[in-house]
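Chemist: Dumping the structure here so I can ask a few things about it.
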Amino acid sequence: METKDFDSPDPAAWCPGCGNFGIQAALKTALARLGKKPQELLLVSGIGQAAKMPHYVKANFFNGLHGRALPAAAAAKIANRELTVVVTTGDGDCYGEGGNHFLHNIRRNVDMTVLVHDNQVYGLTKGQASPTTEQGVKTRIQPRGVILAPFPPLETALALGCGFVARGYAAEREHLAELILAGIAHKGFSLIDVFQPCVSFNKINTYDWYAGKVYKLGPEHDPADRAAALALAQQRERLPIGVLYSRPGPDYGALSGLDAMPPLADADISSVDIAPLLEKYR
């Protein structure tokens, strides 16, 4: 497959220079290298600028409600385990409105890859502070500065036992593509938090700002070392990108016994008569 096989005819409604373009390019590169056809893939999103991604990549997609991408993605994967399921969501959509689903789908360990476009702001609704906005940042809604500490997604995922925790950067497209492939290859819930500059509403976390802080993890880091991963996730002066933590373990399909059963998507329900059931509840 080639990246052009995943081109969508829909024009992207993102601002020029938006970090989402870098994530889109990395995602299409990863999907092309994966070797699967668009119909073998499912992109799931909620609401937000990041959630527009499935419209701009040729594949099956489900565009759901704000914060509700993960349950829809989990249901699809449980019903059809042959699908490669990728969630594209934002820091507000996933960690704010969808925070409860974020926590419990890590526990369930459903086999899906979650790309969080983390721009530390609500871009679609014009610049309010998001769960990951740094303390003290002034916005139109918080003119005196954000008073709350930011939500720590990587630390939270590690504390909950997530089996694959990574961080990428929208401007490092090749590196991000490799992270996406690694996340898809991991059997279970894979979190990739992606730094994504918002050129319109976040004037602090700019490309220049990231250039002075982001660095790639080298071979000296052991991704099987959970304590080392947590220490990296807690860094603030410098920001590591790469696979912080990766460990194999049984996913939801194995834990629930579903792997030993035919997929629901293949079940023959054409002869099922539901009339008696409907009659019962009249």
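Chemist: Net charge within 13 Å of Val165 by Cβ-Cβ distance, Lys/Arg positive one each and Asp/Glu negative one each, not counting Val165 itself? Could the numbers behind the result be given before it?
Modeler: Working: positive: Arg167, Arg226, Arg247; negative: Glu155, Asp193, Asp225.
So the surrounding residues net to 0.
Chemist: Assuming a viscosity of 1.567 mPa s and a temperature of 4 °C, what translational diffusion coefficient in µm² per second does Stokes-Einstein assign to the stretch 1-99, Rh being the Kirkwood radius over Cα pairs? Let's see the in-between values first.
Modeler: Values: Rh = 13.6 Å.
Calculated translational D: 95 µm²/s.
Chemist: Sticking with this one: Tell me, what is the FRET efficiency for Lys36 and Asp10 to the nearest 0.05, using R0 = 30 angstrom and their Cβ-Cβ distance as r?
Modeler: Working: r = 21 Å, r/R0 = 0.70.
FRET efficiency, Lys36 to Asp10: 0.90.
Chemist: Then there's this: Rounded to the nearest 0.05, what FRET efficiency do Ala254 and Asp225 have when you use their Cβ-Cβ distance and R0 = 25 Å?
Modeler: After rounding to 0.05, the efficiency reads 0.55.
Chemist: Would you work out if the stretch 100-175 is rounded, prolate or oblate? Take a ≥ b ≥ c from the square roots of the eigenvalues of the alpha-carbon gyration tensor; rounded if a/c is under 1.5, else prolate when a/b is larger than b/c, oblate otherwise. All intermediate terms of the calculation are to be shown ahead of the outcome.
Modeler: Working: a/c = 2.31, a/b = 1.63, b/c = 1.42.
Prolate, because a/c is 1.5 or more and a/b exceeds b/c.
Chemist: Which value results when the Cα radius of gyration for the stretch 167-282 is divided by 2.2 N^0.38 Å? Walk me through the intermediate numbers first.
Modeler: On the way: Rg = 22.2 Å, N = 116, 2.2 N^0.38 = 13.4 Å.
The value comes to 1.66.
Chemist: Turning to a different aspect of this structure: Compute the convex hull volume of the Cα atoms of the stretch 180-219, divide it by the residue count, and report the result per residue in Å³ as a whole number.
Modeler: Details: hull volume 4.1 nm³, N = 40.
Looking at the stretch 180-219, the number lands at 101 Å³ per residue.
Chemist: Got a sec? Which residues in the stretch 1-42 would a label at His55 touch, if it sits 7 Å along Cα→Cβ and we count backbone N under 11 Å?
Modeler: The answer is 10-14, whose backbone nitrogens lie closer than 11 Å to the label point.
Chemist: All other residues with a Cβ under 14 Å from the Cβ of Val110 taken together, and with Lys, Arg as +1 and Asp, Glu as -1, what is their net charge?
Modeler: Working: positive: Lys77, Arg81, Arg107, Arg108, Lys187; negative: Asp111, Asp251, Asp259.
Value of the local net charge: +2.
Chemist: Further question: For each pair in Lys28/Lys187; Lys77/Lys213; Lys58/Lys138; Lys37/Lys280, compute the distance between the two Cα atoms and list the pairs where it is over 32 Å.
Modeler: Lys77/Lys213; Lys58/Lys138; Lys37/Lys280
Chemist: Okay, moving on. Taking K and R as +1 and D and E as -1, what net charge do the other residues with C-beta under 15 Å from the C-beta of Ile23 add up to? Kindly include the intermediate steps, with their values, before the conclusion.
Modeler: Numbers: positive: Lys28, Lys52, Arg167, Arg173; negative: Asp91, Asp93, Asp118, Glu172, Glu174, Glu178, Asp193.
Every neighbour counted, the sum reads -3.
Chemist: For the stretch 2-11, take each phi angle, set θ = phi - 60°, evaluate the Karplus expression 6.51 cos²θ - 1.76 cosθ + 1.60, and give the result in whole Hz per residue in order, putting x for glycine and proline.
Modeler: Rounded to whole hertz, the list is 10, 4, 5, 5, 10, 6, 10, x, 6, x.
Chemist: While we're on this one: Taking Cα centroids, how far is the stretch 59-121 from the stretch 178-197 in Å?
Modeler: Taking the Cα centre of the stretch 178-197 as reference, the centre of the stretch 59-121 is 12 Å away.
Chemist: Oh, and also: If I model the stretch 3-280 as equal point scatterers sitting on the Cα atoms and use the Debye formula, what is log10 I(q)/I(0) at q = 0.10, 0.12, 0.15 Å⁻¹?
Modeler: Treating every Cα as an identical point scatterer, log10 I(q)/I(0) equals -0.51, -0.72, -1.11.
Chemist: Okay, moving on. Based on the alpha carbons, how large is the Rg to Rh ratio for the stretch 215-265 when Rh follows Kirkwood?
Modeler: On the way: Rg = 16.7 Å, Rh = 13.4 Å.
A ratio of 1.24.
Chemist: Quick one: if you take sqrt(5λ) for each eigenvalue of the C-alpha gyration tensor of the stretch 30-76, what semi-axes come out, biggest first, whole angstrom? Intermediate results must be reported in sequence, preceding the final value.
Modeler: Working: eigenvalues 77, 30, 11 Å².
After scaling each eigenvalue by five and taking roots: 20, 12, 8 Å.
Chemist: In what order do Lys216, Lys58 fall by count of nearby beta-carbon atoms within 10 Å, going from fewest to most?
Modeler: Values: Lys216 11, Lys58 20.
By the 10 Å Cβ count, ascending, the order reads Lys216, Lys58.
Chemist: Which of the GluC sites (Glu not before Pro) found in the stretch 98-185 are in a DSSP loop and have at most 16 neighbouring Cβ atoms, other than their own, within 10 Å? Working shown, then result.
Modeler: Numbers: sites: Glu134, Glu155, Glu172, Glu174, Glu178; in loops: Glu134, Glu172.
Sites meeting the loop and neighbour criteria: Glu134.
Chemist: How large is the helix-only mean residue ellipticity at 222 nm for the chain, computed as the sum of -39500 (n - 2.57) over DSSP H runs with n ≥ 4, divided by its residue count, in deg cm²/dmol to the nearest 500? Could the numbers behind the result be given before it?
Modeler: On the way: 9 runs with 80 residues, N = 282.
For the chain, the value works out to -8000 deg cm²/dmol.
Throughout, read-outs are computed from the coordinates displayed, never taken from laboratory work. Since this is a predicted model, take the numbers as computed values, not measurements. Neighbour counts run over all protein chains shown; Cβ positions are idealised from the backbone, glycine included.
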